[in-house]
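This report refers to the structure that appears directly beneath it.
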Amino acid sequence: MNIVLDTNCLLMSLSRRSKYFPVWQKLKQGEYTLCYTNEILTEYEEILSNKLGPAIAKNIISALLNLPNAHQVQVFFHLHLITADPDDNKFVDCAFKSGARYIVTQDHHYDVLRQIEFPLIEVIGIDEFLRLLV
């Protein structure tokens with residue numbers, strides 16, 4: 001199953017003390033495929049550096065780049081479906097291009113996707129995704 005993971009959901013899954021840690025573990029175990037673009041990877045690194053420090057961010061990015069089930073996607077078009085926070089469109093474009101089953105996010109800017117018939121891009125919260133994994 002291909003998914004796109006919003007930055008905050010990635011961050012929430014990294015701590016062993018987090019109830020969302022299985023999201024990170026299952027990724028490392030190859031139980032789903034994470035799709036990302038260069039833009040997404042850059043945002044991951046920026047936010048992780050700010051929250052956890054540059055060394056930890058570098059290790060996480062390195063881990064992602066070395067996972068056989070983490071796939072880089074090249075996006076050549078932009079759908080511009082989210083107007084409330086246009087920066088979120090990089091996740092939408094990645095999901096569309098990769099044929100991702102879900103965008104996993106807690107961000108309500110993505111709620112607009114539930115009203116769009118085409119392209120159909122499903123959005124689920126991290127709690128729902130966690131239930132699917134365990």
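Before moving on, here are some points about what is shown:
- Spatially, segment 80-103 and segment 13-71 are offset by 18 Å when compared through their Cα centroids.
- Test item: Cα-centred dipole of segment 2-133, Lys/Arg +1 and Asp/Glu -1 on Cβ, debye: 680
- Of the residues His108, Leu79, Ala57, the one whose Cα sits farthest toward the positive end of the charge dipole of segment 35-108, with +1 on the Cβ of Lys and Arg and -1 on the Cβ of Asp and Glu, is Ala57.
- Here r is the Cβ-Cβ distance between Gln115 and Thr42 and R0 is 41 Å; the resulting FRET efficiency, rounded to 0.05, is 0.90.
- Leu67-Leu14 pseudo-label distance in nm [points 7 Å out on the Cα-to-Cβ vector]: 1.3
- 222 nm mean residue ellipticity, helices alone, for the chain (DSSP H n ≥ 4; -39,500 (n - 2.57); rounded to 500): -13500 deg cm²/dmol
- A simple packing score, the average count of other Cβ atoms within 10 Å per residue, orders the peptides 38-46, 89-97 as 89-97, 38-46, with the highest score first.
- Matching the structure-derived Cα extents along the principal axes in Å against the labelled list (i) 38, 29, 26; (ii) 35, 35, 32; (iii) 65, 32, 29 gives the label (i).
- Computed FRET value (nearest 0.05) for His78 with Gln29, which takes r as the C-beta separation and R₀ as 30 Å: 0.35
- Contact order for segment 30-134, expressed relative to its length and based on alpha carbon pairs under 8 Å spaced 6+ residues apart, stands at 23 percent.
Readers should treat all values here as calculations from the given coordinates under stated rules, not as data from a laboratory. As the structure is a computational prediction, the values presented were derived from the model and not from experiment. Using ideal geometry, Cβ is built from the backbone for each residue, glycine included, and neighbour counts are taken over all protein chains shown.
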